[in-house]
Amino acid sequence: MSVDDGGHLKMYILIRESVPTGFAVLAAAHASLAAYLKFRAPSPPPPSWTCSRVMAREAPRSRS
C-alpha cells in the first residue's frame, strides 16, 4: 500500500499473466474485499439479539 499526494491510500493488486482470467477476476475481487474490510472505518457494534427456542410436538393422529 502507498499514499498519494492527497493522503489517500492506494493499493496495487498484482496477478500473474499465467493465471486464467476467471481465477484472476476472482482473486482481484477477494483481494479488494479483504483490503476494504481491513481498512474501513470502525462500525458501531451490532444490535443484540435474543434467541428463544420453541419446541412443538406433533399431535398424535387418531385412527379412524
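Since every read-out is calculated from the coordinates, none of them should be taken as a lab result. Everything numeric in this text was worked out from a predicted model, so none of it was measured. Glycine also receives a Cβ, built like all others from the backbone with ideal geometry; neighbour counts cover every protein chain displayed.
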Applied in sequence order to the range 10-22, the curve 6.51 cos²θ - 1.76 cosθ + 1.60 (Karplus, θ = phi - 60°) yields integer Hz couplings, x standing for Gly and Pro, of 10, 10, 10, 10, 9, 10, 5, 5, 6, 6, x, 3, x
Based only on other Cβ atoms within 10 Å, what is the fewest-to-most ordering of Val3, Val25? Val3, Val25
Given a Förster radius of 25 Å and the C-beta distance between Asp5 and Leu33 as r, what FRET efficiency does 1/(1 + (r/R0)^6) yield to the nearest 0.05? 0.40
Efficiency of FRET between Phe23 and Ser43 - r from beta-carbon atoms, R0 35 angstrom, step 0.05: 0.70
